[in-house]
1. Please give every one of the aspartates and glutamates within straight-line cross-link reach of Lys178, meaning a C-alpha to C-alpha distance under 19 Å, and leave out same-chain neighbours fewer than 8 residues apart.
2. Rounded to whole Å and sorted largest first, list the principal axis extents of the Cα atoms in the chain.
3. Modelled label-to-label distance, Lys132 and His193, 7 Å Cα→beta-carbon offset: nm?
4. What percentage of the solvent-accessible surface of the range 44-179, computed with a 1.4 Å probe over protein heavy atoms, is contributed by carbon and sulfur atoms?
5. Take the cross-link list Lys101/Lys146; Lys23/Lys187; Lys39/Lys97; Lys146/Lys198 and give me the ones stretching past 21 Å between alpha-carbons.
6. Hey, got the dipole for the chain? About the Cα centre, +1 on K and R Cβ, -1 on D and E Cβ, debye to the nearest 20?
7. Return the FRET efficiency for the residue pair Lys206, Glu56: r is the Cβ-Cβ distance, R0 is 41 Å, and the value is rounded to the nearest 0.05.
8. Using the Cβ atoms and a cut-off under 12 Å, what net charge is assigned to the surroundings of Arg49, where Lys and Arg are +1 and Asp and Glu are -1?
Amino acid sequence: MYRLALLIIMMITSNLNAQTESKYETGMLKAFSLWEEQKTEEAVNLFERISSAENENWLPSYYAAQVLILDGFTKLQDSEKLDAQLKRAQNFINDAKTKSKENAEILVMQALLHTVYVASDGAKYGMTLAPKVAQLYEQAYKLDSKNPRVVLNRAEWNIGSARYFGQDTKPFCNEFNKALELFVNFKPESKFHPNWGKERAEQMIKSCN
């Protein structure tokens, strides 16, 4: 009787795990679909709900932050809306950090958030945030120098800085070639782990040439 009860409990647990995984996958796919349809708020809200249900999974918060950060580049002239949006994105990054420490992908996203601020008002944010962006990319590079997004975004930040100060950009162009090679061989841990950036690397190589 005990063994039968144990078997039933194991079966129920297994089914619940399968249902949880199915709900997670369905939810993530729906959120990505909303994002693709440019339904920013709906996508962020769904990623947020998934994150609340996934106590140890950093990916939903990471993507919620990414949606807000990338959309922030379209709001550079509206400082009030942009600041509110980036503060919300920062909360998602903070949540992702608590779930996954020493994560190069999250560091890249943090650097991108700071970059939006700098792009919106270089005079106001450049002196304080530009060094932080550079530091974040160096930290991410030390953690995972084979991560294509780390190499790509680090190079793009450095080449932008070089152009600003009138320095040679060729060394950073070589980094884009390195990033593209890494993208070709990169295999994400799961279908939901970050796998973006290859097209951007190709664009940067063309701009260098």
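The values are calculated or read from the model by the stated rules, or taken from the named source; none is laboratory data. Note that the coordinates shown come from a computational prediction; the quantities given were computed from them, not determined experimentally. Here the Cβ positions follow ideal geometry from the backbone for every residue, glycine too, while neighbour counts run over all protein chains shown. Each accessible area value is taken on the protein alone, full model and side chains, heavy atoms only, with ligands, DNA and RNA left out. Shrake-Rupley method; radii C 1.70, N 1.55, O 1.52, S 1.80 Å.
1. Straight-distance partners of Lys178: Glu105, Glu138, Asp144, Glu156, Asp168, Glu199, Glu202.
2. Here the Cα extents, ordered largest to smallest, are 79, 40, 30 Å.
3. 2.8 nm
4. With neighbouring chains kept in place, the figure for the range 44-179 is 51 percent.
5. Long pairs (Cα-Cα over 21 Å): Lys23/Lys187; Lys39/Lys97.
6. 320 debye
7. E between Lys206 and Glu56, to the nearest 0.05, is 0.55.
8. Charge balance in the 12 Å sphere: -1.
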